Amino acid sequence: MKPNYHYKNVAETYLFSNIAKKVAAYTAANPDKKVLRLGIGDVTLPLAPAVIAAMHEAVDEMGKAESFKGYGPEQGYGFLRESIQSYYARRGVTLAADEIFVSDGAKSDCGNILDIFDKDNAVLVPDPVYPVYVDTNVMAGRNIAYMQATAENGFLPMPDETVKADIIYLCSPNNPTGAAYTKAQLKAWVDFAIANNAVILYDAAYEAFVADGAARSIFEVEGARKCAIELCSFSKTAGFTGTRCGYTVVPCELEFDGMNLRKMWLRRQTTKFNGVSYVVQKGAAAVFSEEGEKQIAQNLAYYRKNAEKIAACMDECGIAYTGGKNSPYIWLQCPCGMTSWEFFDYLLENAQVVGTPGSGFGKNGEGYFRLTAFGSHETTDEACNRIKNLLKK
């Protein structure tokens, strides 16, 4: 037996596991200190009433012989796929229902989608980047090249004609930097991918936070159906982090060397995935109902208000940052030349506020720090006051 030796090249623990250990050690040593968490991107508001009502109804159905559901379709029930299809249509994007695949979240699909690609494909990811993009390719033994996301380019790298890539990862609005591509910028990436016979894996998990006209879907861009797969999630849009539901869009036009990627993904899912539970899918479909969208808009506005508060705090402290407008994340430059982990420790020990060290997202993340707007108003207000009291001394 030979194990997968590529795992030797992956960090022994996941970024957020390291943070959890540090925070646990601090709280154990300082039980009298109240720690405020603005680190991991988990939501705090409860599911919308329309979602809960739909899930209760589905639970009742499961208790009756005439409405009980057993194994469902691996690609998702038709009612949910049609609901997602209508959601895109309201934004001017036409999709076929069989191009939509329901899953247990964008994180899973980001890794699992690699099953349909040969390991010899060259991969291009931004730096800094969501760690899952890198780790899943390292586990598979692929070669990875990095596009440099820096303050100079607004953390939105553009195509480099000298770089060869077969698989291109884009995340907009971006995790961790909060930066969001315009449609014109995405058109340059679409043209680049088509010219290079490449596929764009477009992570749109935070699309619901777009507020200033930036792109919400890569399929808003002409030509994207020839080169892009879009991954999305109900986690941040509707608070499904504990419920687990997402979806991936694979256009019918995606064909390479006589192989159709939509058919390949369908074959992969029917072989390796049992589908998302009926109860969860009923709740997800309610997200895009008229009442559900109204209720969820209120939750999104709540988190946007938190982002505004954190951004205002950074302005008051004179700290440079991106995000906070089209994103629930604020990506700030560590003060006083501190490294990312030095600032993490400084903030934890002196203000009892937890954030995420930017270096955990890649080389270009060193010297930066991510704060999240997914806390309560009260936690966000108190954290901002503590940060101001600490950094304005």
* Among strands (runs of 3 or more DSSP E) lying entirely in the stretch 161-279, which contain 2 or more residues that are within 13 Å of the chain's Cα centre (by Cα) and without any contact (Cβ under 8 Å) to a residue 60 or more places away in the chain? -> 167-171
* Would you be able to tell me the number of residues in the stretch 353-367 that are open to solvent by 10 Å² or more (accessible area, probe 1.4 Å), touching a Ser or Thr at 6+ places or on another chain (Cβ under 6 Å) and not in a helix (DSSP H, G or I)? => 1
* Structure fact -> Filtering the stretch 368-381 down to residues that are open to solvent by less than 10 Å² (accessible area, probe 1.4 Å) and free of Cβ contacts under 8 Å to residues at least 40 places away in the same chain yields F369
* Asked: Among all residue pairs at least 6 apart or on different chains, which show Cβ distances below 6 Å where the first residue, located in the stretch 77-91, is open to solvent by 30 Å² or more (accessible area, probe 1.4 Å) and the second is of a type in the set (F, W, Y) and not in a helix (DSSP H, G or I)?
  -> none
* For residues that are in contact with a helix residue (DSSP H, G or I) (Cβ under 7 Å, 6 or more places away or on another chain), hydrophobic (A, V, I, L, M, F, W, C) and assigned to a strand (DSSP E or B), scanning just the stretch 122-142, find the one that is nearest to F16 (Cα to Cα). => V125
* Hey, does the stretch 382-389 have a residue that's closer than 19 Å to N174 by Cα, out of contact with any His (no Cβ under 7 Å at 6 or more places or on another chain) and either open to solvent by 50 Å² or more (accessible area, probe 1.4 Å) or not in a helix (DSSP H, G or I) (or both)? -> no
* **Selection within the stretch 283-296 - open to solvent by 50 Å² or more (accessible area, probe 1.4 Å) and either of a type in the set (F, W, Y) or under 23 Å from the mean Cα position of the chain (by Cα) (or both)** => E293, K294
* Structure fact -> Every listed condition ((1) open to solvent by 40 Å² or more (accessible area, probe 1.4 Å); (2) of a type in the set (A, V, I, L, M); (3) assigned to a loop (DSSP other than H, G, I, E, B)) holds for L95 save (1)
* Asked: Which of the residues that make up the stretch 143-160 are out of contact with any helix residue (DSSP H, G or I) (no Cβ under 7 Å at 6 or more places or on another chain), without any contact (Cβ under 8 Å) to a residue 24 or more places away in the chain and either crowded, with 17+ Cβ neighbours inside 10 Å or closer than 21 Å to H6 by Cβ (or both)?
  -> N143, A145, M147
* Structure fact -> For the stretch 1-12, pairs from a residue that is within 13 Å of D135 (Cβ to Cβ) to a residue that is part of a loop (DSSP other than H, G, I, E, B), with Cβ under 6 Å and 6 or more apart or across chains, are H6/G141
* Only one of (1) outside any loop (DSSP other than H, G, I, E, B); (2) in contact (Cβ under 8 Å) with a residue 40 or more places away in the chain; (3) more than 24 Å from the chain's Cα centre (by Cα) is not met by I319, so which one is it? -> (1)
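Is it the case that S277 is surrounded by 15 or more Cβ atoms within 10 Å (Cβ to Cβ) and either among the acidic types (D, E) or closer than 12 Å to V102 by Cβ (or both)? Don't jump to the end; show me each part of the working.
Values: surrounded by 15 or more Cβ atoms within 10 Å (Cβ to Cβ): yes; either among the acidic types (D, E) or closer than 12 Å to V102 by Cβ (or both): yes.
Judged against the criteria, S277 is a match.
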* Structure fact -> Being open to solvent by 70 Å² or more (accessible area, probe 1.4 Å), in contact with a helix residue (DSSP H, G or I) (Cβ under 8 Å, 6 or more places away or on another chain), farther than 21 Å from W341 by Cβ and among the acidic types (D, E) narrows E66, E57 down to just E57
* Asked: Any idea which of A224, A208, A204 is out of contact with any strand residue (DSSP E or B) (no Cβ under 8 Å at 6 or more places or on another chain) and open to solvent by less than 20 Å² (accessible area, probe 1.4 Å)?
  -> A208
* Asked: Among the residues of the stretch 19-44 satisfying the criterion of being open to solvent by less than 60 Å² (accessible area, probe 1.4 Å), touching a residue at least 60 places away in the same chain (Cβ under 8 Å) and assigned to a helix (DSSP H, G or I), which is farthest from I144 (Cα to Cα)?
  -> Y26
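The values are calculated or read from the model by the stated rules, or taken from the named source; none is laboratory data. These numbers come from a predicted model, not from an experiment. Positions of Cβ are generated from backbone atoms using ideal geometry, with glycine treated the same way; all protein chains shown enter the neighbour counts. Side chains included, ligands, DNA and RNA excluded: accessible areas come from the protein's heavy atoms. Shrake-Rupley method; radii C 1.70, N 1.55, O 1.52, S 1.80 Å.
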